[in-house]
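Inspection log for the structure reproduced underneath, given as structure tokens.
The values are calculated or read from the model by the stated rules, or taken from the named source; none is laboratory data. Predicted, not measured: the structure shown is a model, and the values here were computed from it. Note: ideal-geometry Cβ built from the backbone for every residue, glycine included; neighbour counts use all protein chains shown.
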Amino acid sequence: MRKRNAPRPRMTADSAARSTEISWQYLVLLLICGSVFAAGFFFAARQHFLSMDYGFKNSKLKKQLEDLEAEQRRLTLEREVSLSPTAIRKATRMLAGYKDQGDEMPTAAVVQTVAKGLAPQAIPVSLRLPIKATVMSKISAAKISEPEVKARQDNSENHARNGATRERLAPEKMTAVAKLR
Amino acid sequence: MAARVKRTKKKNLKQIAFTRFMLIVAVFVIWIGGISVRLVHLQVKQHDELSDRAARQRQEVKRSKLLRGSIFDRNGRTMAMSVNVKTLYADATEISDAKAAAKSLAKALGQNEQSLFKLLSSAKEDDRRFVPIAKGLDETEVQKINKALEDQNIKKATSPKSEGLYWRDDQKRSYPNGSLAAHIIGFSNADGMGQAGIEQSQNEILYGAVIKRTFERDRLGRVYDEVVSEKEPPKDIVLTISNPIQFATERALERAVKASNARSGMAVVIANKTGEVLAMANYPTFDPNKISNADPEHFKNGVIQDVYSPGSVFKLVTYGSALERDLITPEGEVDSGNGTIEVARHRFRDSHSIGRVTYTKALAHSSNVCAIKTGMRVGREGFFDLVQKFGFGRPTGIELPAETGGLVRPPARWNGDSLASMSIGYEIGVSALQMATAFATIANDGVKIQPHIIKEIRQSDATIISSAAPESTRVVSDKTARDLRKMLREVVLSGTGRRAKLDGYSSAGKTGTAWKFDPVLKRVNPGKYTSSFVGFAPVDDPEVTIAVVMDEPKTGARDGGGVAAPVFREIADQILPQLNVPYDMTVTAENDSPDIIDIPESVGNGDELPATGDDKTDEAPPVAGPTKLVTSTALVKRAEEVQTPAVKTSPTPSSTTAKKAVESKKKRIDPPVPKTLGSVAPKARSSTTRVRQKT
């Protein structure tokens, strides 16, 4: 039990000054805590805006990916359309100089049948020329380098066989010629 | 005293400071308390409403369908695929000035301004929120339209930046090969549901599920987060069809149908060793890309849905059952007599009498009499047993919708002449695929492999989920199959199928020409044929079986050997080199010769003989078979109804009257033979006449 009449300790001027004085360690600690606190807020805000930014970029990329996939599908479809037998037949007809009408395009077999039944001169020019002309124009369109031309000339001079000529041709030209045949 | 005053003052100051402090605290407490109450009210009581509002403000929910699965051929070529397209639509309730909107839309889309104005103003009156303006636009077109419609005054997160206009994601089904394999692929409707072919039968696998996409947007409308509900993506289907083979088959068929002026035609190509269907063609056909322009009658896949009488092609089963039971040998002899045979008051005829010949020769010349005699030796049960083993009368199980099982009656429901009729391919209904499967069985040494059209099912990343595993069943022995192949080879070499000879390959097969059942006449009509050829090549190690069926050829030769065999030849000549099948014969130009003399094929199911008075009691009830002639009783009845005056006044006995009436009725029914008819039909006709005179 505290004594009621016990005198309270008097606060002297010195002690009062000492008690109001804030130690610098306390201030530094406060500053550090404040800085950490502020930095935390700053960091959190930065992260937030960064994540938002990544979100925007992500959604943009997703959209791009979707668009590219759609474009890829569209191009695949176009490729398939152009590679379909019907389209190839149409292209062949155009190359051969036939109108895109009627059902039949004279194939090699048909020409042969015509040739059997008729004298060669009786075959209409329209049935013979375009095919030959196309093939010739395709062959002439293929670029042949000078050494190859020389090699061909040599071959023709030596009456070399076709096989020998083929061997000297560059492989890509061989493929082109084979395709044309 | 002064000290007391000083102390009191000091005490008062302290008191005032304390009071003020407490006041400030109280204000703060009230303020914070008020805020807290408000917060509690907002976050607890109004939570749901406010969170919904917030979500609505920043979230956008879109429902879209995953792209429907693709269909590929065996080489990976796309047969059907879906692509993303967009639909431009207007929310008429958001459009304030319909005229201005119509003007800008007309400019951007190149459409008529007046019609757009009418459309928008009527939609505005009805408060319609979805008014489609332009459909099926790809991304390039969409960008162009967006640019054309951009209005700087409109603040909108989504394009087009124009009042009340929006884009909706759609998908479009495309068939890059057009009409190629249209009957196999089928088509799907606007809702992405398969309506025919593989699209229909495999709809569950191909179907693209509806997914929900939730976009989170900031105040400027930029998307910063996206959540997609997960659904199983649709699968892709790889078919056994080969595009080039299908094309070759369709072209050959189309040419033949046009040349023979046939009603329709169908062809199927099967790989014997695997049961894979390499091609399945029908003509006339349709383009699934332009389905609204197509004739719905052409949607039917006749190869699996049409039932026809096979005619002589079915003799394969007749001779097969006899060989299997060792009742005959290919070199054994059979006598066709004078080319006619009577079974249960039904007279069957050959086109020409071939006398005593080997079974091989009998099949090569397609003798009806020999086939009937062979069938009779086998007997009902034995014959029916093999018919069932070959799979006639039930669907093959191919993965296509609405496949028919054909029409095969059990022996208990057969008439007296049914076995004879069935021996030559009447009173039975088959599909072209069933017939091709039977021949493929013989080509595959007697082992039947279930025909199938789906090679594998795979995911979009090409991972295979399931592959075809067809059932295989032995139908006839290896020896029987070999013997039959030898006999069928003779058909091509010296019989009715000589136009099926190939360049560089040996081939075998059987021709068939059957009268068609006429639903109007309720009997077979000798003026309408179903001509077919089913064969395989090369003979020693057959790779493919090809069945060709022509429905009602009208111009030129009309028998199977004249109409269908050349189609077989054209298809086989093109596809065997494609399949890298080595040549087994030297290439000759013989096949091109137009001088091939066709051996006339026995056509028709013979005639019912007139019934005598005693016979009438034995008469079997009419049969609901597809090609069954009306019974003689019924025919007599009808003949009496339409009796000509000459018959009426005739003093001959009743049976003779009936016979004449039958003949007169038949003459009336038979259509006139066209002048262009080939050599086959007139011969058969004259033969029939001669026999009638004899009787």
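Structure data summary
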{"read-out": "Qualifying residue in the stretch B:294-314 (condition: hydrophobic (A, V, I, L, M, F, W, C), touching a Phe, Trp or Tyr at 6+ places or on another chain (Cβ under 9 Å), part of a helix (DSSP H, G or I) and under 21 Å from B:V534 (Cα atoms))", "value": "yes"}
{"read-out": "Any hit, the stretch B:418-436, residues being assigned to a helix (DSSP H, G or I) and closer than 21 Å to B:K479 by Cα", "value": "yes"}
{"read-out": "Given (1) surrounded by 16 or more Cβ atoms within 10 Å (Cβ to Cβ); (2) under 30 Å from the mean Cα position of the chain (by Cα), number of the condition B:R474 does not satisfy", "value": "(1)"}
{"read-out": "Among the candidates B:Q114, B:Q57, residue that is loosely packed, with under 12 Cβ neighbours inside 10 Å and over 28 Å from B:Y224 (Cα atoms)", "value": "B:Q114"}
{"read-out": "Meets criteria (crowded, with 24+ Cβ neighbours inside 10 Å and hydroxyl-bearing (S, T, Y)) for B:S532", "value": "yes"}
{"read-out": "Whichever residue in the stretch B:142-162 is free of Cβ contacts under 8 Å to residues at least 40 places away in the same chain and within 14 Å of another protein chain (Cβ to nearest Cβ) and, among such residues, is surrounded by the fewest Cβ atoms within 10 Å (Cβ to Cβ)", "value": "B:Q143"}
{"read-out": "Complete set of residues in the stretch B:225-250 that are in contact with a Lys or Arg (Cβ under 7 Å, 6 or more places away or on another chain) and closer than 23 Å to B:K156 by Cβ", "value": "B:E226"}
{"read-out": "Candidates B:F18, B:F72 - the one that is at pLDDT 90 or above, of a type in the set (A, V, I, L, M, F, W, C) and over 30 Å from B:L239 (Cα atoms)", "value": "B:F18"}
{"read-out": "Those residues of the stretch B:479-515 which are under 21 Å from B:G311 (Cβ atoms), surrounded by fewer than 24 Cβ atoms within 10 Å (Cβ to Cβ) and small (G, A, S), in sequence order", "value": "B:S494"}
{"read-out": "Near pairs, Cβ below 6 angstrom, 6+ apart or cross-chain, from the stretch A:79-101 (within 13 Å of chain B (Cβ to nearest Cβ)) to any residue that is at pLDDT 85 or above and outside any helix (DSSP H, G or I)", "value": "A:E80/B:T78; A:E80/B:P176; A:V81/B:P176; A:S84/B:P176; A:S84/B:N177; A:T86/B:G178"}
{"read-out": "Qualifying residue in the stretch B:572-586 (condition: over 23 Å from B:N243 (Cβ atoms), surrounded by 18 or more Cβ atoms within 10 Å (Cβ to Cβ) and among the aliphatic types (A, V, I, L, M))", "value": "no"}
{"read-out": "Residues being in contact with a Lys or Arg (Cβ under 8 Å, 6 or more places away or on another chain) and either assigned to a helix (DSSP H, G or I) or among the β-branched types (V, I, T) (or both) - total across the stretch B:8-65", "value": "2"}
{"read-out": "Any hit, the stretch B:436-459, residues being over 21 Å from B:T274 (Cα atoms), touching a Lys or Arg at 6+ places or on another chain (Cβ under 9 Å) and crowded, with 23+ Cβ neighbours inside 10 Å", "value": "no"}
{"read-out": "Subset of the stretch B:60-80 (residues that are surrounded by 11 or more Cβ atoms within 10 Å (Cβ to Cβ) and more than 30 Å from B:G275 (Cα to Cα))", "value": "B:E60, B:V61, B:K62, B:S64, B:K65, B:L66, B:L67"}
{"read-out": "Test: residue in the stretch B:165-176 that is without any contact (Cβ under 8 Å) to a residue 60 or more places away in the chain and either closer than 30 Å to B:I71 by Cα or not hydroxyl-bearing (S, T, Y) (or both)", "value": "no"}
{"read-out": "Out of B:Q171, B:Q200, B:Q143, sole residue that is touching a strand residue (DSSP E or B) at 6+ places or on another chain (Cβ under 9 Å), of a type outside the set (A, V, I, L, M, F, W, C) and more than 30 Å from B:E276 (Cβ to Cβ)", "value": "B:Q171"}
{"read-out": "Hits in the stretch B:235-249 (condition: over 19 Å from B:E199 (Cβ atoms) and of a type outside the set (V, I, T))", "value": "B:S242, B:P244, B:F247, B:A248"}
{"read-out": "So B:Q143, is it assigned to a loop (DSSP other than H, G, I, E, B) and at pLDDT below 90", "value": "no"}
{"read-out": "Residue selected from the stretch B:270-286 under the condition within 15 Å of the chain's Cα centre (by Cα) and under 15 Å from B:L433 (Cβ atoms), by the criterion surrounded by the fewest Cβ atoms within 10 Å (Cβ to Cβ)", "value": "B:L278"}
{"read-out": "Filtered residues of the stretch B:71-88 (kept if touching a Ser or Thr at 6+ places or on another chain (Cβ under 8 Å) and more than 9 Å from chain A (Cβ to nearest Cβ))", "value": "B:I71, B:F72, B:D73, B:R74, B:N75, B:A80"}
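Residue-wise test of (1) within 18 Å of B:E570 (Cα to Cα); (2) among the aliphatic types (A, V, I, L, M); (3) surrounded by fewer than 24 Cβ atoms within 10 Å (Cβ to Cβ); (4) in contact with a Phe, Trp or Tyr (Cβ under 8 Å, 6 or more places away or on another chain).
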residue: B:I198; (1), (2), (3), (4): no, yes, no, no
residue: B:S201; (1), (2), (3), (4): no, no, yes, no
residue: B:R213; (1), (2), (3), (4): no, no, yes, no
residue: B:R217; (1), (2), (3), (4): no, no, yes, yes
residue: B:Y224; (1), (2), (3), (4): no, no, yes, yes
residue: B:V238; (1), (2), (3), (4): no, yes, yes, yes
residue: B:E254; (1), (2), (3), (4): yes, no, yes, yes
residue: B:G265; (1), (2), (3), (4): yes, no, no, yes
residue: B:V268; (1), (2), (3), (4): yes, yes, no, no
